[in-house]
Amino acid sequence: MNTDLPPDNDVLEGPVVPTFIRYMIPSLLGLIAMTSASLVDGMFIGNYEGVTALAAVNLIIPVTTLLFGVSMMISIGGSVRGGKYLGEKNTAAASAIFSKTLVFMVVYGLIVISLGLLFEAEIFASLGADKTLFPVMSEYYRIIFPFLFFQFIVIQVYFFIRLDGFPNLAAAALAAGAVVNITLDYLFIAVFGWGLTGAALATGASEVISLAVMLAYFFQPQRKIFFRLRQENWREVFQAAYNGISEFINEVSGALIGFIFNWMLIQRAGVTGVAAITLVNYLLFIGFMSYFAISDAIQVIISQNFGARNPQRIRAFLRTAAIMILAVSLAIVSLLFVGSESLIGLFIDVERDSETLALALEFVSYVWPVFLFAGFTMLISGYLTAVHLPFQSALVASCRSLIMPAGLLILFYMLISDYRFVVAISVAEALSFVLAITLYLYHTPARVIRPVASSLGR
């Protein structure tokens, strides 16, 4: 076993609150940068191209989300395994899983992008889109799809850079990409009038810039994780995938729920309904990025403390994270009650698209309770992943993001004749929270670490 990990690892030995904030803030900034591409694209597309273009982009999202889910599964699952290795002071094993998952991501990206471009028409038809929207969708799809390759690599390297103790560099890379995206969105859409083509080029360029900045990591002499092409036991990639299965379920479920939502709304409200739910999704993005930041930070911290078999520190970090989630949730709910119309007004011309605005506000009134439960459920799911309980984490993720929302959406859609069926999302989130709490009580830090310690002692 390699024992060259420095003894002053703040994750294992530093003060709880400052250490958590040190990892959470860069994660939050990174996620803000990551989600800003979608948000800024939405603002420019909605204001300059109208709700039809906005709806066309939203119809494509389930496809890109599905593919992104695989990259998240490998990246997070691999980084969790790497975190455990670092906690055990086995830097060689951490470098090996980094190298294997990076190679996998390159191969995966080349294959799926080729297939996606080859079967464009078939993919559009499977999304339930009207053929009249195909040209609008294609304008965006044909440019953004090849750039997914860079996005896959960015997300994989991002998680390992954070794991290796360079969260500021990871956040800076995503921030640089966000600045490029915002600047080019303005130039390409507002100034040059390139429409969806400009939006796709701006987003693609931002991913390239993010990756370019991340390459600085490989020149850091103090890093502990190194890339080596020659590896053994490539099956560990699949073990990493199993560790990250809950993240895959989250992303895939999001794609499927998006498809169900789009189909239901097309049936009852046409393009206006799809555009309205797109606006609500932007508001959810704004709120959820804080939860994702906390969950991401927790996974890095807990995976190492799990490897070091320290249940007391895990519990302390979880308590700190829960308090922060509560504060964020109360702030978000308060903002939605007083400022929903102003937030939606960032994305569309409220006078021109008054019907879309009214429908979006109605949707907000049904989904705001989501913020009372989602953060805590995500926290527990991240914890379960970090302590190598992928089945339990996947159970929470699948119930929260697919089984309960899909089942309740279908049920409420059949029982309710108007738009109130959207309240199913809030009900599903509450039930998922109950499940997450129950699983946590069965798998507290003391319970999951005790058998590990005892088995190592035999």
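Computed from the coordinates by the stated procedures, all read-outs in this text should not be read as laboratory data. Just so it is clear, the model here is predicted, and its values are computed rather than measured. Please note: Cβ atoms are built from the backbone with ideal geometry, for glycine as well, and neighbour counts cover all protein chains shown.
Here are the numbers:
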| item | result |
| --- | --- |
| Three-way shape label, segment 164-289, alpha-carbon gyration tensor, a/c 1.5 | oblate |
| Whole-Å distance, taken between Cα centres, linking segment 382-456 and segment 252-280 | 23 |
| Spherically averaged projected area in nm², based on the convex hull that wraps the Cα atoms of segment 249-404 | 9.5 |
| Cβ crowding within 10 Å averaged over residues, with 434-443, 97-106 ranked highest first | 97-106, 434-443 |
| Structure-derived Kirkwood radius over Cα pairs in Å: which label, when the choices are [x] 22.5; [y] 23.6; [z] 27.5 | [x] |
| Segment 349-376-segment 85-119 distance, computed between alpha-carbon centres (Å) | 38 |
| Integer Hz, Karplus 6.51/-1.76/1.60 couplings in order for segment 388-400, x for Gly and Pro | 6, 10, x, 4, 5, 5, 5, 4, 4, 4, 5, 5, 5 |
| Partner lysines for LYS89 [C-alpha distance under 25 Å; skip if fewer than 8 residues away on the same chain] | LYS100, LYS224 |
| In degrees, nearest ten, helix 167-185 long axis to first principal axis of the chain (Cα) | 20 |
| Charge dipole (debye, nearest 20) of segment 10-457; +1 at Cβ of Lys and Arg, -1 at Cβ of Asp and Glu | 1940 |
| Likely footprinting exposure, LEU357, LEU372, fewest C-beta neighbours within 10 Å first | LEU372, LEU357 |
| Global form of segment 138-181, assessed from the alpha-carbon gyration tensor, a/c cut-off 1.5 | oblate |
| Segment 10-457, relative contact order in percent, only Cα pairs under 8 angstrom and at least six apart counted | 25 |
| Neighbour cut-off at most 16 other Cβ (10 Å), DSSP loop, GluC sites (Glu not before Pro), segment 272-361 | GLU351 |
| Angle between the chain longest axis and helix 311-344 axis [Cα atoms, degrees, rounded to 10] | 10 |
| Cβ-based net charge around LEU86, under 9 Å, with every Lys or Arg adding one and every Asp or Glu removing one | +1 |
